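K.L.:
Can you keep this structure in mind? I'll have questions shortly.
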Amino acid sequence: MMRYLRIFATFFQASLVRDMTFRLNFLLEATTSLGWMAMNLAFYLLVFSYTPEIGRDSGWTKEPFFVFVGTGLVINAIVQAFFMPSVEEFAEMVRTGGLDTALVKPVDAQFLLSLHRFKFSALANGLVGVVLIGWAVGRLETPPPPVAWLLYPLLVGCGVAILYAFITALAAATILMGRNQSLYDFWFYITNFSRYPAEIYAGPWGGPLRMICTFVIPILLVVNVPAHTLALPLSGGDRRLILVTLAAAAAAVGLSRLAFQAAIAKYRSASS
Amino acid sequence: MTAVARSGGWPFHGWTTMLSICVADRLAHRGDFALGTLMRFLPIVTQIFLWTAVFSAAGSTSIAGYSRNDFVAYYLLTMVARSFSSMPGLASGIARSVRDGSVKKYLVQPVDYVGFLLAARVAHKLVYFAVAAAPFALVFFLCRSFFPWPPEPPVVAAYLASLVMSFLLGFLLEATLGMLGFWFLEVSSLIFVYMLAQFLLSGHMFPIDMLDGIAVGSAGWSLSLGDIVRLLPFQYTAYFPCAIWLGKLRGADLAVGLAMEAAWVVAAAVACRFAFLRGTRRYSGYGG
Amino acid sequence: MIRVAGLTKHYRVFDKREGIGGSLRGLFRRQARTVEALRGVSLEVDPGEFVAVLGPNGAGKTTFLKLLSGIITPTSGTASVLGHVPWQRHDDFRRRFALVMGQRNQLWWDLPAAESFRLHEVIYRVDPARFARTRDELVELLGVAKLIHQPVRELSLGERMKLELVAALLHEPEVLFLDEPTIGLDVVAQHAIHSFLRQVQQERGTTVLLTTHYMKDVAALCRRVVVITHGRILYDGTLAEIVDRFTTHKVVTLDFETPPSDAAVAAWGFPCERRGPQVRLRIDRDRIAGALSEILAGESVIDVTVEDVPLEDVIAGLFRSAGDDGEPTAALQEAVR
């Protein structure tokens, strides 16, 4: 256990050194991700100029919605900073035999492959997210109770865990399917569903879709549950959903690990 | 090296071979391919639900001249337009081949690099349409009530013309962007900025008409933000064809729009060729 | 130390078809065939041995190493390295061996090698004092002290390879697998690596398995050679014996005072070369004594040289004689028996 922490610390330091060496790149990356986020915020403001609420009686008026957006920014920042960089290289790594190198080391392969490179510039969005949450929470009709503040970090952690599980599953798919250039696209499409509050998925088609994306592929739990807990009053159903989220996070991480182990057991390795 | 690059015109005799090689290469990883086609529909689903939710509390059945159904039609049409004009990996691919030196093999062979890339993209699009035609047709058939039908012949002609030009414009803009790799080692941030601008200002995210209500400038200068955005080339990669089909542009406006699009295509072609010639001359063969 | 029995590895490969039509058809129905990369390889290596695995490209050498290092699992057969089954990938096992593959690097691309070494220290749980000593020794031996603080991507292939070797030995592995380590390197670098490997192996008694298709590597480093072609072991023994086993003749060079007739030369053996008064020919080993006495008695000879067939030619012949379907030709089977 200690050893893994030390390895993590070594990777952390190495990535930090690397990011600081390429300072210009770091600043450019941070700036562009901030730019992206600013454009999305502008879009949301544009939409809110035409309507007071996203989904009638859903509760997602402007301030709660921005708590949602801020939560999304924080969760995605953590994932983009600590997990995505390693996995983005993954397809290329598999192609050039980097996976061989990892399998030979006396370290858990999943750990090595998902945590060896970090991108600290992605944290910029997370900081803005925190500011956004602070601003929006201050303007809520009913401020959140203390228990909500306790649950919030835990649920954010669950959201990160669920996304990590997806990443691991995609990595396993890369190993089996060879060059998967659309890994990053795939990621975008999956997380795209959670860009807006789950309540927008209503009606004859939306209802079932919401169910599937909550209980089968729990993508709608990631941002929704922590944001809802903080910004809106909780019903009985919402409380149950919190428990579901905790369970889903554990299950997702466990299942994705199994998938990953299965993938490396079947690994064929590029020809020499 | 430069002599070969400069002398390369359009290699007509080798074109079909290149085309079939590109196609074969594209289909070499079919798992990728099949999945990618399916995935492209997903963001539209979210958009439809989003706008339904927006309208449900909006207190009006029309936003910026679009009804809820119009929004659905609009986003489906942007998918068609984007399938013509989006060039995934083009700019970054060029930049990378410059960075790792693999661009040398194209400079040394008697083949026009830009022409080769264009052939590769045409191949990619052809294959994509071959496989994606069925799902597209199905979706459009299911949603046919959202669209104005039957369309007038001039509208159809203008629409098709705008799509073809949209393909060329998208290609040339991204190719030029990739050529910056001859000057900058890390072009990925520049590419990202381009993607950002394109996503927001092309109408991919929302119809540009939504910006018409925002006034820009002082009194006596009645410009809206929408007018300004329409001056940029980005609108032709998503918004413009959709606006044609949905009847938002008629008569003189339509003609002027098409002419502007053509002008942008020419400008981009010149920029691309210029960047390529200057870039190859500067090329130092980094990497490898 | 290393025991392999009947190790077999088959791959299912999907054929890509030609042209657009073929590719489109390939999207819906693929044709598969089985590639037999390794067919029943058996081997035993004792501790401290330095074994070369020689074979042409595609012979199965790399597949063999990947199986022994646990990267892939076999279709059938067993292997045991240091008492472990490699593909179970136990941490205890992985800590005791090292794998270096030519032209592939495990060092971090953007960082100096020194950083990668540090990481190595943590991953392999090497005692810091011991690690520092080992590192300094190895770096000194290969003469790369100035390079370890430069980002790896700025170095040449030869320099990178040397650093790879240092990294591989930092945790003092008992077994070292090398897959074509000198491929693509210039003569100077090859030579440096050869002497480094020789020294390290002698000093530390590491068991080394080295795959290569270069004769130079083999000749410089090991006595024991295993020849693999088409996924099978063709020969397992010393280098010296290869020549004895696989050649039936020797090369005799004669300098005559008066050049003999072609007919006469043909009677003694198979002529290879004639340059005026000098004749080079191949004569069956059993016949050499007889032929020579005949020639010396009948002609005026100024000089005689009797040599073995060059090693390269023997090996090349071995590679070729395996036959297109991977089955050794009858003559070869005779020789091996």
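Read-outs: derived from the displayed coordinates by stated rules, not from any lab. Predicted model only: the values in this text are computed from it and were never measured. Here Cβ is always computed from backbone atoms with ideal geometry, including for glycine, and neighbour counts include all displayed protein chains.
K.L.:
Residues of segment A:8-38 with the amide nitrogen closer than 19 Å to a label point 7 Å from the Cα of A:L127, along Cα-to-Cβ, please.
P.N.:
A:13, A:15-38
K.L.:
Using R₀ = 22 Å, calculate the FRET efficiency as 1/(1 + (r/R₀)^6) where r is the Cβ-Cβ separation of B:S67 and A:V244; round to 0.05.
P.N.:
0.05
K.L.:
Starting with the highest mean, order B:78-91, C:178-191, A:65-78 by the number of other Cβ atoms within 10 Å, averaged over the residues of each peptide.
P.N.:
A:65-78, B:78-91, C:178-191
K.L.:
Another question, then. What is the spread of the Cα atoms of segment C:2-243 along each of their three principal axes, largest first, in whole Å?
P.N.:
Principal-axis extents of the Cα atoms in segment C:2-243, largest first: 59, 45, 37 Å.
K.L.:
Compute the distance in nm between two label points, each set 7 Å from the Cα along the Cα-to-Cβ direction, one at B:F41 and one at C:T248.
P.N.:
Simple spin-label model gives 7.1 nm for this pair.
K.L.:
Next question. What is the spread of the Cα atoms of the protein assembly as shown along each of their three principal axes, largest first, in whole Å?
P.N.:
120, 65, 49
K.L.:
Find, among the trypsin sites (Lys or Arg not before Pro) in segment A:211-272, those assigned to loop by DSSP (not H, G, I, E, B) with at most 13 other beta-carbon atoms within 10 angstrom.
P.N.:
Sites meeting the loop and neighbour criteria: A:K266.
K.L.:
How big is the Kirkwood radius of segment B:2-282, worked out from every pair of different alpha carbons and given in Å to one decimal?
P.N.:
Evaluated over segment B:2-282, this radius sits at 20.5 Å.
K.L.:
At q = 0.21, 0.28 Å⁻¹, what log₁₀ I(q)/I(0) does a Debye calculation on the Cα points of segment C:248-307 give, no solvent, two decimals?
P.N.:
-0.72, -1.41
K.L.:
Moving on. For a label point 7 Å from the Cα of A:T96 along Cα→C-beta, name the residues of segment C:179-209 whose backbone N is under 19 Å from it.
P.N.:
What the label zone holds, given the 19 Å backbone N cut-off, is C:179-185.
K.L.:
For a quick check: sort B:T52, A:T168, A:T229 by the number of other beta carbons within 10 angstrom, fewest at the front.
P.N.:
Ascending number of Cβ neighbours within 10 Å: B:T52, A:T168, A:T229.
K.L.:
Give the value in nm², to one decimal: projected area of the alpha carbon convex hull of segment A:1-142, averaged over all directions.
P.N.:
Hull-based average projected area comes out at 11.7 nm².
K.L.:
Mean residue ellipticity at 222 nm from the helices of chain A, using -39,500 (n - 2.57) per DSSP H segment of n ≥ 4 over the full residue count, to the nearest 500 deg cm²/dmol?
P.N.:
-24000 deg cm²/dmol
K.L.:
In the structure displayed, which of B:K105/C:K162; C:K61/C:K146; A:K105/C:K162; C:K146/C:K216; A:K105/C:K146; A:K105/B:K105 lie more than 25 Å apart, Cα to Cα?
P.N.:
Correct reply: B:K105/C:K162; C:K61/C:K146; C:K146/C:K216; A:K105/C:K146; A:K105/B:K105.
K.L.:
Only Cα pairs under 8 Å and at least 6 apart count here; give the relative contact order of chain C as a rounded whole percent.
P.N.:
Here the relative contact order equals 18 percent.
K.L.:
Using the beta-carbon distance between A:R23 and C:A129 and R0 = 41 Å, what value does 1/(1 + (r/R0)^6) give for FRET efficiency, to the nearest 0.05?
P.N.:
The pair A:R23/C:A129 has a calculated efficiency of 0.70.
K.L.:
Moving on to the next point. Cα atoms only: what Rg and Dmax, in Å, come out for chain A?
P.N.:
19.6, 64
K.L.:
Please list, in order along segment B:114-119, the HN-Hα scalar couplings obtained from phi with the Karplus expression 6.51 cos²θ - 1.76 cosθ + 1.60 (θ = phi - 60°), rounded to whole Hz, x for Gly and Pro.
P.N.:
Values, residue by residue: 5, x, 4, 4, 5, 4 Hz.
K.L.:
Which trypsin sites (Lys or Arg not before Pro) in segment A:81-160 pass both tests, a DSSP loop state and at most 13 other beta-carbon atoms within 10 Å?
P.N.:
A:R139
K.L.:
Ok, one more. Where in segment B:138-225 are there chymotrypsin sites (Phe, Trp or Tyr not before Pro) that are in a DSSP coil and have at most 16 other Cβ atoms within 10 angstrom of their Cβ?
P.N.:
B:W183, B:F184, B:W221
K.L.:
Right, next: Based only on the alpha carbon positions, what is the Kirkwood hydrodynamic radius of segment B:160-269, in angstrom?
P.N.:
When all Cα pairs of segment B:160-269 are included, the Kirkwood radius is 15.0 Å.
K.L.:
Points 7 angstrom from Cα along the Cβ direction at A:S235 and C:N57: gap in nanometres?
P.N.:
For the pair A:S235/C:N57, the computed spacing is 6.8 nm.
K.L.:
Using just the helices of chain C, give the 222 nm mean residue ellipticity in deg cm²/dmol: DSSP H runs with n ≥ 4 each add -39,500 (n - 2.57), and the total is spread over all residues, rounded to 500.
P.N.:
Calculated mean residue ellipticity at 222 nm is -11500 deg cm²/dmol.
K.L.:
Give me a single rounded figure for A:47-55: the average over its residues of other chain Cβ atoms within 10 Å of their Cβ.
P.N.:
6
K.L.:
With r as the distance between the Cβ atoms of C:Y214 and B:Y128 and R0 = 30 Å, compute the FRET efficiency 1/(1 + (r/R0)^6) and round to 0.05.
P.N.:
0.05
K.L.:
Moving on to the next point. Go through segment A:42-54 residue by residue and turn each phi into a ³J(HN,Hα) via Karplus (6.51, -1.76, 1.60, θ = phi - 60°); whole Hz please, and just put x for glycine and proline.
P.N.:
Rounded to whole hertz, the list is 4, 4, 4, 4, 4, 5, 5, 6, 9, 8, x, 8, 8.
K.L.:
Mind checking which aspartates and glutamates have their C-alpha under 15 Å from B:K104, skipping anything on the same chain fewer than 8 residues away?
P.N.:
Output for B:K104: B:D112.
K.L.:
5 Å is the cut-off here: which amide hydrogens, built 1.01 Å from N in the peptide plane, fall below it relative to C:M101, excluding neighbours closer than 5 in sequence?
P.N.:
Correct list: C:D179.
K.L.:
Now, a different point. Just need the relative contact order of segment A:2-265 here, percent rounded to a whole number, with Cα pairs under 8 Å and 6+ apart.
P.N.:
It rounds to 26 percent for segment A:2-265.
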